[in-house]
Amino acid sequence: MHTSIKIAAIQMISSISPEINMQHARKWVSAAAEEGAKIILLPEYWSILGRHDTDKLAYAEEAGIGPLQDFMSNLARQYGVWLIGGTIPLKSPEPNKVLNTLLAYDTKGHQVARYDKMHLFGFTRGDESYDESRTITAGEDVVVLETPHARIGLAICYDLRFPELFRAMQVCDLIVMPAAFTYTTGRAHWEILLRARAIENQCYVLAAAQGGEHENGRRTWGHSMLVDPWGEVQIELAEGEGYVIGDLDPTKLKEVRTSLPALEHRKSLFSV
């Protein structure tokens, strides 16, 4: 990576219909690509946010086969971008569960990386309750995507709260964070966690969120953003559908790491 490149995060308010969600995803990927984005990130659950947690089971695909995967492959190839596809449901070895999977495609539409969400969200406060472990099987592997533009660490939503995952990625230029943070937890913690991950890993963090009121009654926080290696928010979209686009600048990366060589000062205190 020698020159700045444009990177973009798509914000959606996904519906219960994968067909409608694909139309919306295409619209925003097309717009971001037209503006020059070379790496484009979709949000978590971009393909479906059903009325019930179990609805996604009906749309789970075998790895490598299915309309959602075909859609992402075709989209990457059509617009000549590296497309990191938020998450889609893939079939799990466990009955009545799926894998919540991030897939990345190169400019020719080839799948080049897969990450299954490792940390499963659980939250209960008053009438608000979530437990992803009821319908999702946790992944196990740390995944880093090597591209000609950047070394990219792959993570999803609730992973953001576990800094040891990002340490296990070693040194990255960019961390991507597709998410569907709830309004409650997002308002409290979203920005500060994103900025913390950028600061401690001295890299860019690109976050693509769900951002609004969904058909199923859920309200997501939004605030898709690009954070630079100094922890400053470069651009942000509070609510509604759209995208954020900004530069991944290798000069900025080098400047931060040279002036404050924290990555070189780390001690190995435990194994991950």
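The values are calculated or read from the model by the stated rules, or taken from the named source; none is laboratory data. Since we're looking at a predicted model, the values are computed, not measured. Using ideal geometry, Cβ is built from the backbone for each residue, glycine included, and neighbour counts are taken over all protein chains shown.
Collect the residues in segment 1-14 that are more than 17 Å from G85 (Cβ to Cβ) and at pLDDT 95 or above, keeping them in residue-number order. Selection gives S4, I5, K6, I13.
Looking at segment 137-151, can you tell me whether even one residue there is closer than 25 Å to H24 by Cβ and surrounded by fewer than 19 Cβ atoms within 10 Å (Cβ to Cβ)? No, there is no match, as no residue in segment 137-151 is closer than 25 Å to H24 by Cβ and surrounded by fewer than 19 Cβ atoms within 10 Å (Cβ to Cβ).
Is it true that some residue in segment 41-55 is at negative phi, touching a residue at least 40 places away in the same chain (Cβ under 8 Å) and assigned to a strand (DSSP E or B)? The answer is yes, given that some residue of segment 41-55 is at negative phi, touching a residue at least 40 places away in the same chain (Cβ under 8 Å) and assigned to a strand (DSSP E or B). Just checking, does segment 23-35 include any residue being closer than 21 Å to T137 by Cα, out of contact with any helix residue (DSSP H, G or I) (no Cβ under 6 Å at 6 or more places or on another chain), without any contact (Cβ under 8 Å) to a residue 60 or more places away in the chain and part of a helix (DSSP H, G or I)? There is no residue in segment 23-35 that is closer than 21 Å to T137 by Cα, out of contact with any helix residue (DSSP H, G or I) (no Cβ under 6 Å at 6 or more places or on another chain), without any contact (Cβ under 8 Å) to a residue 60 or more places away in the chain and part of a helix (DSSP H, G or I). If we scan segment 43-57, do we find a residue that is modelled with pLDDT under 95, in contact with a helix residue (DSSP H, G or I) (Cβ under 7 Å, 6 or more places away or on another chain) and under 24 Å from W221 (Cβ atoms)? Checked against the condition, which is being modelled with pLDDT under 95, in contact with a helix residue (DSSP H, G or I) (Cβ under 7 Å, 6 or more places away or on another chain) and under 24 Å from W221 (Cβ atoms), segment 43-57 yields at least one hit. Residues that are farther than 29 Å from G217 by Cβ and of a type outside the set (S, T, N, Q) number at least 2 in the following strands (runs of 3 or more DSSP E) confined to segment 70-150: 82-84, 98-105, 111-116, 144-146. Here segment 229-272 is the region considered, the condition is being among the basic types (K, R) and under 17 Å from F166 (Cβ atoms), and the residue that is surrounded by the most Cβ atoms within 10 Å (Cβ to Cβ) is R257. Scanning segment 124-156 for residues being closer than 21 Å to I40 by Cα and free of Cβ contacts under 8 Å to residues at least 12 places away in the same chain gives a total of 1. Restricting attention to segment 9-30, the residues that are over 15 Å from A208 (Cα atoms) and of a type in the set (A, V, I, L, M, F, W, C) total 3. Scanning segment 234-272 for residues that are touching a residue at least 12 places away in the same chain (Cβ under 8 Å), farther than 22 Å from I13 by Cα and β-branched (V, I, T) gives T251, V256, V272.
Flag: F162 does not match the condition of being surrounded by 22 or more Cβ atoms within 10 Å (Cβ to Cβ) and in contact (Cβ under 8 Å) with a residue 12 or more places away in the chain.
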